[in-house]
C-alpha cells in the first residue's frame with residue numbers, strides 16, 4: 001500500500017504508535033507508525049475496529065487464542081466492540097518503521113448494513129445471521145480489499161466536495177466484505193462438521209475434499225440437488241463469490257501452507273491441479289503479493 005503522499009503529516013512525534021487520523025461519517029481512519037521496538041502495547045476497540053498492515057509485522061495477543069498471532073501485510077485483523085489486544089513490535093526501527101492503518105466504524109453503521117443484507121440475502125446454511133460476530137477475525141485479505149483500503153486512504157485524506165459521500169460508500173463496501181468473509185469462513189467450518197446440512201454445504205464439502213480435481217460444476221449441482229442457475233445464485237448469495245473463485249482461493253491457501261513446509265513450486269503446482277508453473281505463479285502472486293519461490297523465505301523472516 002502506498003502512503004507516500006501523506007509523508008508530510010506523518011512526521012514522528014512519538015516513537016511508538018505515532019498516529020495521524022482523519023474523521024468521516026460514522027468512521028475514523030488512522031495511520032500508525034512505530035519507530036522503536038515495543039512490547040505489550042494495549043489496544044481497545046470501542047467500535048468495530050478494522051486493522052490492515054502496511055509494512056513490517058506485529059505480534060498480537062488476545063484472550064480468544066492461547067497462542068500469539070503474527071500480523072503481516074496483506075492481512076486483516078478485525079476487532080469487535082469491547083475487545084482488547086496487546087501488541088508487540090519486534091522489528092520496528094527509525095529506518096524501517098512498522099506501519100498499519102485502522103478504520104473505526106460505528107456500531108450503528110455495521111448494524112444497518114447487517115440488517116440490510118439480512119433483508120436481501122437469507123443464510124440457509126447454519127444458524128448464523130449477518131450480524132458481525134463478537135470475536136476477533138484475523139485473515140488474509142484479497143487484492144480487491146487491498147485496493148479498497150488504498151482508495152479509502154485517498155478519499156479520507158483528500159479535500160473533495162463529495163468526500164463524505166464517497167467515504168460512506170467505501171465504508172459500506174468494507175463492512176460488506178467483512179461480513180461476507182465471516183460468513184464464508186463459518187460456512188466452510190460448518191460444512192466440515194455437517195456436510196449434509198444443505199445442498200450448498202454438501203457441495204462445499206466435496207469441493208474442499210477434491211481441490212486438485214478440475215472444477216466440475218455439473219457434478220456440484222447434482223450434489224447440491226439444484227439446477228445450474230439456482231446453484232450459481234445460491235452459491236454467490238451465501239459465499240459472495242463464484243464456485244471457481246472459491247476453488248482458486250482454497251487451492252492457493254493450501255499451496256501457501258505446503259510451500260512454507262519446503263515443498264517445491266513445481267510439485268505443489270501440479271499436485272493442486274494448476275495447468276503449469278507459470279499459470280500457478282501468476283495466480284499466487286496476484287493473491288499473496290509474492291512469487292511462490294519467494295514466499296517461504298518471506299514467511300520465515302516474518303514468523
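Rule-based calculations on the coordinates, nothing more; no lab input. Note that the coordinates shown come from a computational prediction; the quantities given were computed from them, not determined experimentally. Please note: Cβ atoms are built from the backbone with ideal geometry, for glycine as well, and neighbour counts cover all protein chains shown.
Which of 225, 269 comes first, and how do the rest follow, when ranked by fewest Cβ neighbours within 10 Å?
In increasing order of surrounding Cβ atoms, one gets 225, 269.
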At residue 282 and residue 36, where each label point lies 7 Å from the Cα along Cα→Cβ, what is the point-to-point distance in nanometres?
4.9 nm
Residue 44-residue 297 pseudo-label distance in nm [points 7 Å out on the Cα-to-Cβ vector]:
4.4 nm
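By how many nm would the segment from residue 68 to residue 158 grow when fully extended, if each residue of separation counts as 0.36 nm and the alpha-carbon distance is taken off? Working shown, then result.
Working: separation 90, 0.36 × 90 = 32.40 nm, distance 3.67 nm.
Here the answer is 28.7 nm.
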By how many nm would the segment from residue 115 to residue 11 grow when fully extended, if each residue of separation counts as 0.36 nm and the alpha-carbon distance is taken off?
33.3 nm
When a footprinting reagent is the concern and you count Cβ atoms within 10 Å, what order do 103, 31 take, fewest first?
31, 103
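Within a 10 angstrom radius of the beta carbon, how do 206, 32 rank from fewest other beta carbons to most? Mind dumping the intermediate values first?
Values: 206 17, 32 24.
Ordered from fewest to most neighbouring Cβ atoms within 10 Å, 206, 32 come out as 206, 32.
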Which value in deg cm²/dmol, rounded to the nearest 500, describes the helix-derived mean residue ellipticity at 222 nm for the chain, given -39,500 (n - 2.57) per DSSP H run of n ≥ 4 and division by the residue count?
-14500 deg cm²/dmol
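So how much slack lies between residue 137 and residue 275, counting 0.36 nm per residue of separation and subtracting their Cα-Cα distance, in nm? Intermediate results must be reported in sequence, preceding the final value.
Working: separation 138, 0.36 × 138 = 49.68 nm, distance 3.31 nm.
Result for the pair: 46.4 nm of gain on full extension.
Please label the shape of the range 4-178 as rounded, prolate or oblate, based on the square roots a ≥ b ≥ c of the eigenvalues of the alpha-carbon gyration tensor (a/c under 1.5 means rounded; beyond that, a/b larger than b/c means prolate, else oblate).
Details: a/c = 2.10, a/b = 1.26, b/c = 1.66.
Judged from the Cα gyration tensor, the range 4-178 comes out oblate (a/c at least 1.5, b/c at or above a/b).
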